[in-house]
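The values are calculated or read from the model by the stated rules, or taken from the named source; none is laboratory data. As the structure is a prediction and not an experimental result, all values here were calculated from the model. Backbone-built Cβ (ideal geometry, glycine too); neighbour counts: all protein chains shown.
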Amino acid sequence: MSAPAALLQVRGLTAQFNRGDVASQVVKGISFDIGVGESVGFVGESGCGKSVTARALMRLAPEGSSVAWGGTVLFKGQDLLQVNERVMQDIRGRRIAMVFQDPMSSLNPVLTVGAQIEDIVRRHTGASASQARQRSVELLDLVGIRDAARRADDYPHQFSGGMRQRVLIAIAVSCQPDLLIADEPTTALDVTVQAQILRLLMRLRRELGMALMLITHDFGVIAGMVDRVHVMLDGSIVETGSVDALFANPQQAYTQALLAAVPRLDMAERLV
Amino acid sequence: MTESVQQALPLLRVRDLSVTFPARPGKAPVLAVDRVSFDIGHAQTLALVGESGSGKTTTGRAVLQLQASSSGSVQLLGRELGQLPRDELRKMRRHMQFVLQNPYSSLHPRMTVAQTLAEPLRIHRFVPAESVTARVAKLMQLVGLDPTMVRRYPHEFSGGQRQRIVIARALAVNPDFVVCDEPVSALDVRTQAQIVSLLKSLQDQLGVSYLFIAHDLALVRQLAHRVAVMFGGAIVELGSTEQVFGKPSHPYTRALLDAVPVPDPAAQRKKLTETVPELQFHGLVPQTGPCVFGENHAQTGSACWHVVGKEHGVSCRFWPNSLR
């Protein structure tokens, strides 16, 4: 299998948080590629730097923090850590889009979901109001929300958690991005809803040809969704491999320990 | 009560427990827990599983009398908790304790670990005042923490260590029964595994029983003796762990088990590409005519509950119309 053409090349990425006089490096010089249409997973425990890595690609700093980025993030030949904010604004949401863990706090509670989709469509494509409206209904339909034309006029609180996550995914794919970053997209959801959202992400990736960067702590989620996996520990990538190889034959002791700790429904190992 | 009668009773006996939340303006009252019945024996774990909003936590709180029930009975050690006067109930709390999900918010940030662990000992006069320090040290050892750390504050501990402290606090007065409400879901997977094996080893050492509320089915399979599956406030299936996982008999239980991601790439990919019918579990038993098991409950007045194996039962409620 030949590697797909590189969409994103990250080299020596660092992220340093400055709080007062204290500086802490949470991403310590990591390098990885994501090919066109490729699906790549990042796993690790809380605090390992996986979410900060994802945010680096969109140059988003966690709220209330000051962060210094280092290294290069080449996206279609442009270094995203160097381009000015105007250029970045055209990339964010259009070429690279993101879905976060908590679908309630990612939506504006006082705007209808239709208005929130129309907003980003108009910002990035220059569509007219009626075109944007039509597009928002199409997108809600695409992500499996029934009766989309009526639901577009509903507010976020009128949707269940799973449906809100579908809305967020609709917003994320609205401009047909080259890369979709999903940061723990199903962690806040029930297991039956999680399965639906994972199926939806798989279908959209296939239909739209997007690359996917999936960040999760859940080995079950990562298993079916990605081609390659990076295991992160303490700001570094400690192991990289195809998803099949990594699960079948983890090389690093840390990866082995993580996999061994995952309780499995399909194996009758019992403590009682 | 004679010794032999006490032996025959389960530690905890819950019968037709219901909790109704009052109506909001223009809305109907919410039946959050709907005629739930189960027993828990000595040194046994009953897991309560189901999606968010299915009534798991409310059931746990109602059992502990932290939430008023609208009807039904909860008996712990043969005593009817709902009818106890306040001070009597307070004394009974020595026998029933609570471990909450989030160890960051369930410890007082301005109390040292020693103060946190000593509080229940003092309230219940569990040990003489001069023995409190020794008991606190013993509790720390019991949950695998260094007793020299008792002067520290919660923020000086990791999430897993904090959950150990919460567990130590719950076990301080040697309870018979602990409700664990999602005790590990806020923790990383390696820490989860450690806390789960701690809970199990404490059960073996102390003979404590757990009502283990969880949404992680793989975890439940490791730890529980019996499993109750909740949907829409009701228990739709109840049986031994082997029965519920090996021979799930309610379509909701099957849907729940099917949805669990498997950490096996080939199997999980196959799962995600299969099309699954989207089942609608809403809807009650028809008021007239037979249920899915062919019984007309409106006529017989019997409970919507059907025995499918030894101590394995399933409800005829919440079956999708397509499977009727």
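Name every residue in the stretch A:46-60 that is surrounded by fewer than 19 Cβ atoms within 10 Å (Cβ to Cβ) and more than 15 Å from the chain's Cα centre (by Cα), in order of residue number. Scanning the stretch A:46-60 gives A:SER46, A:GLY47. Quick one: would you say B:VAL276 is under 25 Å from B:ALA47 (Cβ atoms), within 12 Å of chain A (Cβ to nearest Cβ), assigned to a loop (DSSP other than H, G, I, E, B) and not acidic (Asp, Glu)? For B:VAL276, the condition - under 25 Å from B:ALA47 (Cβ atoms), within 12 Å of chain A (Cβ to nearest Cβ), assigned to a loop (DSSP other than H, G, I, E, B) and not acidic (Asp, Glu) - is met.
Taking helices (runs of 4 or more DSSP H) as the structural unit, those lying wholly within the stretch A:141-208 and holding at least 1 residues that are within 10 Å of another protein chain (Cβ to nearest Cβ) correspond to A:161-173, A:191-208. Elements of the type strands (runs of 3 or more DSSP E) sitting completely within the stretch A:1-70 and holding at least 1 residues that are under 21 Å from A:GLY224 (Cβ atoms): these cover A:22-35, A:39-43. Within the stretch B:24-70, how many residues are surrounded by fewer than 21 Cβ atoms within 10 Å (Cβ to Cβ), in contact (Cβ under 8 Å) with a residue 40 or more places away in the chain and on the phi > 0 side of the Ramachandran plot? The total comes to 2. The criterion of at least 2 residues that are farther than 17 Å from B:ASN102 by Cβ is met, among helices (runs of 4 or more DSSP H) falling completely within the stretch B:127-245, by B:132-142, B:189-206, B:217-223. Kindly indicate whether any position in the stretch B:84-96 is in contact with a Ser or Thr (Cβ under 9 Å, 6 or more places away or on another chain) and either assigned to a loop (DSSP other than H, G, I, E, B) or modelled with pLDDT under 95 (or both). Looking through the stretch B:84-96, none of the residues is in contact with a Ser or Thr (Cβ under 9 Å, 6 or more places away or on another chain) and either assigned to a loop (DSSP other than H, G, I, E, B) or modelled with pLDDT under 95 (or both). Here B:SER240 meets each of (1) among the small types (Gly, Ala, Ser); (2) surrounded by 19 or more Cβ atoms within 10 Å (Cβ to Cβ); (3) under 19 Å from the mean Cα position of the chain (by Cα) with one exception, condition (2). Output the residues belonging to the stretch A:114-135 that are of a type in the set (S, T, N, Q) and closer than 13 Å to A:LEU168 by Cα. The answer is A:GLN116, and nothing else. Within the stretch B:306-324, residues that are over 16 Å from B:LYS247 (Cα atoms) sit with their Cβ atoms under 7 Å from residues that are of a type in the set (Ser, Thr, Tyr), at 6+ positions apart or across chains, in these pairs: B:PHE318/B:TYR252.
Across the stretch A:219-243, the number of residues qualifying as touching a residue at least 24 places away in the same chain (Cβ under 8 Å), among the charged types (D, E, K, R) and assigned to a strand (DSSP E or B) comes to 1.
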